[in-house]
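Read the structure below first, then the notes.
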Amino acid sequence: MPDSFFATKTRKRKRVGFKDSGPSSSKKVSKTSNGRVSVTKKRRARATDEDLNSDEALDDMDLRADEVDPNESGDEDADETPAEKRLRLAKLYLESVREGLADGEVDAAEIDKELISARLKQDVLEHAGKLHLFVADSFDVSRPPPTLRTRGHRLSVTSAVASSEAGFLFTCGKEGSIIKWDLRTGTRLATFPKLRPGGGKGKEKAMIVETPGHSDEVLALALSDDGKYLASAGKDRRVCVWDAEKGEWVKGFGGHRDTISAIAFRKGTQQLYTASYDRTIKLFDLSVMGYVETMFGHQDCILHLDALRAETAVSVGGRDKTVRFWKIVDQTQLVFRGGGRSSVRELLEGGGLADVDEEGDQDGGRRRGQSEKKCVEGSLECVAMIDETTFLSGGDSGSICLWTTQRKKPIFTQAIAHGFTETISETEGVIRTPRWITTLGALYYSDMFASGSWDGHIRLWKVDPKIKSFSAMGSFPVPGVINSLQLLSLRDGSLDEAPWAWPHARHARADANRRASAPSMRKSGPVLLVAAVGQEPRLGRWVSVKGGGSQNCTFLMALHPRNR
């Protein structure tokens, strides 16, 4: 018989704050008079430490409801369920949509379920960031569209941007000036001239941030979606911010150590991305007029960038032959390596023996390798986003590549998109080299984009509905070097006050009014194509196109959808 001294007595532990009232585990929630919620939970007693820890965690939870502010608005009821809240917010959103449609898009009598449904679908698709506007087939590009040409720069026009409401046009040139135009009449409204830098010596002159203007070539322009701010940048390594409506200088930003080659606003915001030859991308927030951060990664000069609604950006790094997709929030980047195919490249990647037959005959493979080697891509020059995950790139091999963030290699490549240029050599004879792609411009979230070079044409392309390829739509004759392209989707009636946009004013406007009055015809409005043209490329002087009607000017083309 064991000694009673060594015997242990089993005791039940007491749990603080809970009373054991049976095996039921149901919850009872009651609200007291002072707005606090009391929770009663019935559980069985457990002896393990794990259950005790969970009970202690439950005891520490603050299950009291927030006290109701007597001054709070009565729109949101304290007893409102999640379903009722969603219904109330949906009604408020529909009411705002009705007010927006009634203010500017249609008459109040035409507001019906079809219009509101189309608007809701469009808002959802835009925030989803996917390609959803299939409008390429609605435009007839077999005939040249109505065109407006503006001239005011002494040297090559490097960039041109138009406002979303088709009210103003801004252009810049290599002489260092910026010109504001009335887009409806084509008249000049204001000029921001090149300034002579004061103080300092040598490169220190360009680092004076507070100088109200540029002191060297202006290479890039960007206009915010709300039309409030115009941003410009160039060789003086400064970003200048202007009041677009008043035409006044607002603020200047420094920070880059070399030429700023490209700038872009994030859609729907006042966040500005800048890319430079110093191989960095900087982010500025114009809502607070401050610097945010700097992103590193490229191994060569950054030549171009683009951005859409999401907190992402796409850039090309010149001779590092990479396209980089930047995720700003995550502070990460996706690297896509471009470059044409060649026998050397295939051999390094383990596929160089694919063209060799069983008998060892390598003549065919060698000939193919030589023909491919002529078009090997040595530099990526431009980039354009189609939607949040799909983008385009163009390089000095004359190829346009279609990329997606889901694959490391391009899903489609259009080789020699703008043909060859011939150079006569005393020793080699006639040398044919492809014209590189100088610029790309996409109609965002749609299946249409444009490309430019110096072959005398702006070419339009249509993306396949499955986003697997693209094909040529047509081309418009524009002599000179195309330095920038912008495709802007306009609201119906935006060009009614522009006489140049209607070559046959009476009939064209009547057709447009009929399309605007019919809800089923409102799927696509007019598209404005803005092209900055010069006799030299934007970033150098290695090509000079003179004669044949080439001038330093800006072309505006109004593309109207065909009658359905």
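Filter the stretch 421-477 down to residues that are of a type in the set (Lys, Arg) and over 24 Å from PRO561 (Cβ atoms) and give me whichever is modelled with the lowest pLDDT.
My answer is ARG432.
Inside the stretch 302-318, can you point out the residues that are assigned to a loop (DSSP other than H, G, I, E, B) and buried (at least 20 other Cβ atoms within 10 Å of the Cβ)?
Once the filter is applied, which keeps residues that are assigned to a loop (DSSP other than H, G, I, E, B) and buried (at least 20 other Cβ atoms within 10 Å of the Cβ), the stretch 302-318 yields ILE302, LEU303, ALA307, LEU308, GLY317.
Which of the residues belonging to the stretch 227-240 are surrounded by fewer than 23 Cβ atoms within 10 Å (Cβ to Cβ) and farther than 18 Å from THR280 by Cβ?
GLY227, LYS228, TYR229
From the list SER276, SER261, which one is of a type in the set (Gly, Ala, Ser) and more than 20 Å from PHE391 (Cβ to Cβ)?
None of the others qualify; the one that does is SER276.
State which residue is farthest from SER379 (Cα to Cα) when the search covers only the stretch 419-463 and only residues that are in contact (Cβ under 8 Å) with a residue 24 or more places away in the chain and of a type in the set (Asp, Glu).
That would be ASP447.
Out of the residues in the stretch 398-432 that are polar (S, T, N, Q) and under 20 Å from the mean Cα position of the chain (by Cα), state the one that is farthest from ASP387 (Cα to Cα).
The residue in question is GLN406.
Quick check, is ILE424 of a type in the set (A, V, I, L, M, F, W, C) and over 29 Å from LEU488 (Cα atoms)?
Yes: the conditions hold for ILE424.
Name the single residue that is modelled with the lowest pLDDT among those in the stretch 489-516 being in contact with a strand residue (DSSP E or B) (Cβ under 7 Å, 6 or more places away or on another chain) and assigned to a loop (DSSP other than H, G, I, E, B).
The qualifying residue modelled with the lowest pLDDT is LEU495.
Are any of the residues in the stretch 214-226 open to solvent by 10 Å² or more (accessible area, probe 1.4 Å), modelled with pLDDT of 95 or more and not in a strand (DSSP E or B)?
Within the stretch 214-226, one or more residues are open to solvent by 10 Å² or more (accessible area, probe 1.4 Å), modelled with pLDDT of 95 or more and not in a strand (DSSP E or B).
For the stretch 536-552, give me the residue count where each residue is surrounded by 21 or more Cβ atoms within 10 Å (Cβ to Cβ) and over 24 Å from the mean Cα position of the chain (by Cα).
Selection size over the stretch 536-552: 2.
Does ARG257 satisfy the condition of being among the basic types (Lys, Arg), crowded, with 16+ Cβ neighbours inside 10 Å and in contact (Cβ under 8 Å) with a residue 12 or more places away in the chain?
no
Report, ordered by the first and then the second residue, all pairs with beta carbons closer than 8 Å, sequence separation of six or more or different chains, a first member in the stretch 266-280 that is on the phi > 0 side of the Ramachandran plot, and a second member that is in a strand (DSSP E or B) and not small (Gly, Ala, Ser).
Pairs that qualify, where the first residue is on the phi > 0 side of the Ramachandran plot and the partner is in a strand (DSSP E or B) and not small (Gly, Ala, Ser), are ARG279/PHE296.
Taking the options GLY452, GLY456, GLY419, name whichever one is buried (at least 23 other Cβ atoms within 10 Å of the Cβ) and either in contact with a Lys or Arg (Cβ under 8 Å, 6 or more places away or on another chain) or under 27 Å from GLY548 (Cα atoms) (or both).
Sole residue among the options that is buried (at least 23 other Cβ atoms within 10 Å of the Cβ) and either in contact with a Lys or Arg (Cβ under 8 Å, 6 or more places away or on another chain) or under 27 Å from GLY548 (Cα atoms) (or both): GLY452.
Output the residue which, of all residues in the stretch 256-293 that are under 21 Å from VAL329 (Cβ atoms) and not in a strand (DSSP E or B), is modelled with the lowest pLDDT.
Taking the candidates together, the pick is GLY268.
For residues that are of a type outside the set (D, E, K, R) and either farther than 17 Å from MET289 by Cβ or surrounded by fewer than 19 Cβ atoms within 10 Å (Cβ to Cβ) (or both), tally how many sit in the stretch 241-251.
So the count comes out to 3.
Among residues belonging to the stretch 134-156 that are farther than 23 Å from ARG541 by Cα, part of a strand (DSSP E or B) and open to solvent by less than 30 Å² (accessible area, probe 1.4 Å), point out the one that is modelled with the highest pLDDT.
Selected residue: LEU148.
Please give the number of the condition PRO477 fails out of (1) farther than 23 Å from GLY338 by Cα; (2) touching a Pro at 6+ places or on another chain (Cβ under 9 Å); (3) surrounded by 13 or more Cβ atoms within 10 Å (Cβ to Cβ).
(3)
Taking the stretch 165-184, which residues are more than 22 Å from the chain's Cα centre (by Cα) and in a loop (DSSP other than H, G, I, E, B)?
Hits for the stretch 165-184 are LYS174, GLU175, GLY176, SER177, LEU183, ARG184.
Give me a count of the residues in the stretch 455-470 that are assigned to a strand (DSSP E or B) and either closer than 22 Å to THR421 by Cα or touching a Ser or Thr at 6+ places or on another chain (Cβ under 7 Å) (or both).
Going through the stretch 455-470 one residue at a time, the tally reaches 6.
Quick one: which of LEU490, LEU495 is farther than 18 Å from ILE386 by Cβ, in contact with a Leu (Cβ under 8 Å, 6 or more places away or on another chain), surrounded by fewer than 22 Cβ atoms within 10 Å (Cβ to Cβ) and not acidic (Asp, Glu)?
After ruling out the rest, the residue left standing is LEU490.
The values are calculated or read from the model by the stated rules, or taken from the named source; none is laboratory data. These figures come from a predicted structure and were not determined experimentally. All Cβ positions, even for glycine, are placed from backbone atoms using ideal geometry, and neighbour counts span all protein chains on display. Note: areas computed on protein heavy atoms with side chains; ligands, DNA, RNA excluded. Shrake-Rupley method; radii C 1.70, N 1.55, O 1.52, S 1.80 Å.
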